[in-house]
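Single-structure report; data block below.
Since every read-out is calculated from the coordinates, none of them should be taken as a lab result. For clarity, every value in this text was computed on a predicted model and none was experimentally measured. Every residue, glycine as well, gets a Cβ built from its backbone with ideal geometry; the counts of neighbours run over all protein chains shown.
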Amino acid sequence: MPAILMHLLAAALYGGLAAYLWRTRWRGPALDQPKGGLKIGERGILLVALIAHAISLRMEVFDGSAMRFSFAIALSVMLWLAIALYWIESFYARMEGLQVIGLPAAAVAALLPVIFSEAHVLTSAGSMAFRLHFLMAMLAYSLFTLAALHALLMATAEKGLHQGRISPLLAGLPPLLTMEALLFRLIHVAFLLLTLTLISGVFFSETLFGKALTFNHKTIFAFTSWLIFAALLVGRHLRGWRGRVALRWTLAGFAALLLAYVGSRFVLEVILGR
């Protein structure tokens, strides 16, 4: 089946499920008191959407022996991960508020590689070591992006609670303690993937990229981000960091990672004009 059909199928299922849930459970005052989690049929539809989305991404990234990548693919992967994680978490906690935000966004993200079809072919893509390194890096970056967005959502909800007013959309979010637990699960997995990415980059640089490791700004910011998230996790386990302290460290670590992976292209293409 062509990749475009899988993209369209995933988007239709995400969008259709979002519209159905909006009409049956999220509209009006029902958003304040959701009527339970997803039902078996709804879970099944969402699982089919996730599978279709995953297949479409597999077909987009791995084009024969070559590997293709673009910002549209990166955003699509990030939203796929978000919905997959929230689908799993919904078995254990209320996730209605996150689903009402995530499902429409996932429907759009599933179509992005179709709308923005331009992608560059990655060098060294024939190496399995490179493919694993790239996959770990992409997943780590995507998960840290989700963690940062999650942290901003938590900060907004917490500010609304302190001020005594909160929008109907935020009222449907899980309790802050549940969101905090999910945030640190995201960070733990992303930190493990980032650690493996850095280790593979340091010890197998010549195999992966055909040259020895160079300590440029990208490498420095990547290791800075690793140190920030390591300090956050140590502080969490030893000193019980939570709330605003944890959110600030999360956003600081993500900012360093953003400078490493996005800032490098900005410096080369905008400042240096390469």
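If the chain linking Asn216 and Arg239 were pulled fully straight, counting 0.36 nm for each residue of separation and taking away their Cα-Cα distance, it would gain 4.9 nm.
If R0 is taken as 30 Å, the Cβ-Cβ distance between Ala84 and Lys39 corresponds to a FRET efficiency of 0.95. Counting Lys and Arg as +1 and Asp and Glu as -1 over every other residue whose Cβ lies under 11 Å from the Cβ of Trp249, the net charge comes to +4.
For Met154, the shell of other residues with beta-carbons less than 10 Å away shows a net charge of 0, using +1 for Lys and Arg and -1 for Asp and Glu. Measuring r between the beta carbons of His188 and Leu149 and using R0 = 25 Å, the FRET efficiency lands at 0.90. Fewest neighbouring Cβ atoms within 10 Å first, the residues Phe116, Phe184 line up as Phe116, Phe184.
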